[in-house]
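Data block below; observations after.
Bear in mind that the values in this text are calculations on the coordinates, not laboratory data. A quick note: this is a predicted structure, and the numbers were derived from the prediction, not measured. Don't worry about glycine lacking a Cβ; one is built from the backbone with ideal geometry, like all the others, and counts go over all protein chains shown.
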């Protein structure tokens, strides 16, 4: 996947290099690495956008730095999902690891179906993956709105 | 050999108390011969973050469903799933899971299609076990594989297909049959399909099957994820909704998982004689050409 930012491409590579069982293990590890929210998002339900397509409650916030020309501005991502939703946390962690700090243009250039290459369909089920597609769509919408 | 039933007084009120066990009962019986505890969750990774000691995992998406056809696995695959988890035909299987046992009842229902006799639910599920501070572990059990017979699934008694539901509509009109739509009021009325920008439920039409009562599945659960006491359940399903235990009932939701929870409540807790789960549910009905649909809050 030529269009992926380097850390996201690396994740895709990590996932596709192993079998379905180890992909789950990788996702579990990522779920444990999702950073805590900064204080300003303490009240997630009021200040963040809910991703309804996720089976478990997930909230996300997108910040775009000021300054540079709009396409070059770095994007920062914040996620909130409960510990009882490790799969959703894992998806969020993929987004965070792969996209946080990338430029608005690079985030918008991520193919909407990039997650197919993670090969999680078999391990997690295509239905559950819908949540990840929705997360990316909502991130892009927010990036567009903040750089318009 | 089946394990003895839990004689807890709350459970005794239900129509089939032997279908439930309390956390106390399970804690006391963990490790018994003839018992296998199965965790079935919405979240495919939750078991791996910690589970009841000795419990095995069954994932409905990736294990109970056929990977190609929209159907459950066949008898041969089911026998493998059970056998490799140490479940024999006469094993007592106690299911528990997240989200008010939503997916635990779903797994139990699939086991019931295969006629596995002794299937029970841990009342309160994972949430109650955790809330009580009971032991959890990440250690994966390694059960010795046992023989499970290849049993043909019975799709006629507990399961309804679209044609069965079409035929059932006459009974609903005549007052001898009932339909229970266990989705949220927004899905029932048809509103949810019209949310802008985002595809909702994978159905091209919104609304409900005409005549269906709307009882969101989670109304049967109490705050602590246990099933509500029998009197409270009767107040909802019998008094409020006008259902009766001798009705011929079909329950449905979006793909048949939430409705398996209601199937369990009506069948085992309230003693309804004939309850089928329509697993095609709204993702089939709402995509089918020329089937009747009602919209709005009324049954229609």
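Tabulated data
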{"read-out": "Nearest 10 degrees, 0 to 90: helix B:162-174 Cα axis against chain B principal axis", "value": "60"}
{"read-out": "Bridge type composition, chain B - antiparallel percent by DSSP, nearest 5", "value": "15"}
{"read-out": "The range B:1-155, relative contact order [Cα under 8 Å, separation at least 6], %", "value": "31"}
{"read-out": "Gaussian network model of chain B, springs between alpha carbon atoms under 10 Å - residue of B:244, B:32, B:281 with greatest fluctuation", "value": "B:32"}
{"read-out": "Dimensionless Rg/Rh of the range B:162-286 - Kirkwood Rh, Rg from C-alpha atoms", "value": "0.97"}
{"read-out": "Fluctuation leader among B:133, B:190, B:54 - chain B, Gaussian network, Cα springs under 10 angstrom", "value": "B:133"}
{"read-out": "Whole-number percent relative contact order across the range A:6-147, with pairs defined as alpha carbons under 8 Å at least 6 apart", "value": "32"}
{"read-out": "Simple spin-label estimate for residue A:33 and residue B:150 in nanometres, 7 Å along Cα-Cβ", "value": "4.4"}
{"read-out": "Order of B:179, A:99 - criterion: other Cβ atoms within 10 Å of each residue's Cβ, fewest first", "value": "A:99, B:179"}
{"read-out": "Gained length - residue A:127 relative to residue A:72, 0.36 nm times residue gap less alpha-carbon distance", "value": "16.4 nm"}
{"read-out": "For chain B, calculated [θ]222 nm from helices alone, where every DSSP H run of n ≥ 4 adds -39500 (n - 2.57)", "value": "-6500 deg cm²/dmol"}
{"read-out": "DSSP-defined antiparallel bridges as percent of all bridges, the protein assembly as shown, nearest 5", "value": "35"}
{"read-out": "Neighbour-count ranking [beta-carbon atoms within 10 angstrom, fewest first] of A:80, A:47", "value": "A:47, A:80"}
{"read-out": "Distance cut-off 35 Å, percentage of C-alpha pairs in the protein assembly as shown lying past it", "value": "34"}
{"read-out": "Average Cα contact separation per residue, chain B, under 8 Å, 6 or more apart, as relative contact order %", "value": "20"}
{"read-out": "Modelled FRET efficiency - R0 30 Å, residue A:3 with residue B:162, Cβ distances, 0.05 increments", "value": "0.10"}
{"read-out": "Within a Gaussian network of chain B (alpha carbon springs, distance under 10 Å), most fluctuating of B:211, B:175, B:271", "value": "B:175"}
{"read-out": "Residue order, fewest to most beta carbons within 10 Å, for A:132, B:136, A:48", "value": "B:136, A:48, A:132"}
{"read-out": "Cα centroid of the range B:61-128 to Cα centroid of the range B:229-300, whole Å", "value": "21"}
{"read-out": "Residue A:113 paired with residue B:66, simple spin-label distance in nm, labels 7 Å along Cα-to-beta-carbon", "value": "2.5"}
{"read-out": "Cα-based shape type of the range B:200-254, given that a ≥ b ≥ c are square roots of the gyration tensor eigenvalues and the cut on a/c is 1.5", "value": "oblate"}
{"read-out": "Taking the convex hull of Cα positions in chain B, its mean projected area over all directions (nm²)", "value": "15.5"}
{"read-out": "Difference of contour (0.36 nm per residue) and Cα-Cα distance, residue B:297 to residue B:218", "value": "26.6 nm"}
{"read-out": "Counting all C-alpha pairs of chain A, share separated by more than 18 Å (%)", "value": "54"}
